[in-house]
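S.K.: Can you keep this structure in mind? I'll have questions shortly.
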Ligand SMILES: Nc1ncnc2c1ncn2[C@@H]1O[C@H](COP(=O)(O)OP(=O)(O)OP(=O)(O)O)[C@@H](O)[C@H]1O
Ligand SMILES: [Mg+2]
């Protein structure tokens, strides 16, 4: 039984007062939790009373019982949600980000290119260079920061400041980490939908007491959807770096990623391209480089996109092993660790140069 299957079942439940649209389509289904023999569905209703709430909760429970069969327990919970309207933005303000100098999205057009690996290692490398760094894992569908940093099982705590609750980020390797993964148990199937996904994300960034930071990196979810756009608008990302692999076929995806930031509604600078898995180096022959995917892919892509190539990271077994062990490669003095530290230095420079030119162009105007 997967969360996606449960979601399919729930499409049979319709809201009689909303042109009979189904509750999935309406964004009422917030969360599906599958654990042992229990399926728990969380339904969200706006604060103002929905007179059909009880009906929908009952109909959802009946629908689950019908489909799940014997031996599986069905639970339906309801939570109050904010109306997904713009009013929401006023509740989470950017207060916590006032002391953050640079908010940078780490993005890619396509999944699986090593975006999270690069983001986590960049954060650690920036910290090694003496910067104050935070990383928010905004990949609500597949958070990887807990595993990659060995912080699985961390349960976030809140602290009250001036009558408001803030989430305390976890500190390790000199970096402040926050991930949606800290709010779920390991192996728990979690599906976030609609406003809940966006709200969870906003909270993950705006309600965290980051403190003073030079850089806050945001590991963006793969793709180029609505979540990205709302994230960039509400958080106020300064710009982005794009991660790619060298294959020519990846170019189209990287262009998609770049277009997202260059879109007139977003219009944020791309500080540069990072070529991951640029070559392969076998562990037993650390001096050898095999350009499996061709040699200058990253360079060509960068020039087509008109952005600098910030760095190239090799495909080496230790990067993957370190990620799986929760000790990022950037902590090491091996060539791959050094590559991340050099990359971090060039990113910091690129961000500063971009900042200076904005200041200049403001003055010119
Ligand atoms: N340079 C590298 N050398 C070796 N392994 C790597 C390298 N970069 C990434 N990997 C491995 O490749 C896998 C995918 O990487 P990662 O999870 O960072 O990709 P992603 O782009 O964030 O994926 P998703 O789109 O699912 O978020 C991981 O197992 C990671 O350890
Ligand atoms: Mg990822």
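S.K.: Scan (1) over 17 Å from residue 253 (Cβ atoms); (2) out of contact with any helix residue (DSSP H, G or I) (no Cβ under 6 Å at 6 or more places or on another chain); (3) not in a strand (DSSP E or B) for the single condition residue 319 breaks and write down its number.
M.R.: Unmet for residue 319, out of (1) over 17 Å from residue 253 (Cβ atoms); (2) out of contact with any helix residue (DSSP H, G or I) (no Cβ under 6 Å at 6 or more places or on another chain); (3) not in a strand (DSSP E or B): (2).
S.K.: Next question. Quick test for you: out of 237, 227, 218, 205, pick the one residue that is assigned to a loop (DSSP other than H, G, I, E, B), in the same structural domain as residue 293 (by TED's automatic domain parsing) and within 30 Å of residue 166 (Cα to Cα).
M.R.: None of the others qualify; the one that does is 237.
S.K.: Right, next: So residue 187 fits all but one of (1) modelled with pLDDT of 90 or more; (2) surrounded by fewer than 21 Cβ atoms within 10 Å (Cβ to Cβ); (3) not in a strand (DSSP E or B); what number is the exception?
M.R.: (1)
S.K.: Another question, then. Output the residue which, of all residues in region 240-265 that are surrounded by fewer than 17 Cβ atoms within 10 Å (Cβ to Cβ) and either outside any helix (DSSP H, G or I) or at positive phi (or both), is modelled with the lowest pLDDT.
M.R.: 248
S.K.: Filter region 153-169 down to residues that are assigned to a loop (DSSP other than H, G, I, E, B) and in contact with a helix residue (DSSP H, G or I) (Cβ under 9 Å, 6 or more places away or on another chain) and give me whichever is surrounded by the most Cβ atoms within 10 Å (Cβ to Cβ).
M.R.: Checking each candidate, the answer is 154.
S.K.: Considering only region 121-143, how many residues are within 10 Å of ligand 2 (Cβ to nearest atom) and out of contact with any strand residue (DSSP E or B) (no Cβ under 7 Å at 6 or more places or on another chain)?
M.R.: Qualifying residue count for the region: 2.
S.K.: I'd like to know if region 209-220 contains one or more residues that are farther than 26 Å from residue 350 by Cβ, at pLDDT 90 or above and surrounded by fewer than 22 Cβ atoms within 10 Å (Cβ to Cβ).
M.R.: Within region 209-220 (the criterion being farther than 26 Å from residue 350 by Cβ, at pLDDT 90 or above and surrounded by fewer than 22 Cβ atoms within 10 Å (Cβ to Cβ)), the answer is yes, since at least one residue qualifies.
S.K.: While we're here: May I ask you to verify whether residue 61 is modelled with pLDDT of 90 or more and farther than 25 Å from residue 202 by Cα?
M.R.: When the stated conditions are applied, residue 61 passes them.
The values are calculated or read from the model by the stated rules, or taken from the named source; none is laboratory data. All of these numbers come straight from a predicted model, not from anything done at the bench. Here Cβ is always computed from backbone atoms with ideal geometry, including for glycine, and neighbour counts include all displayed protein chains.
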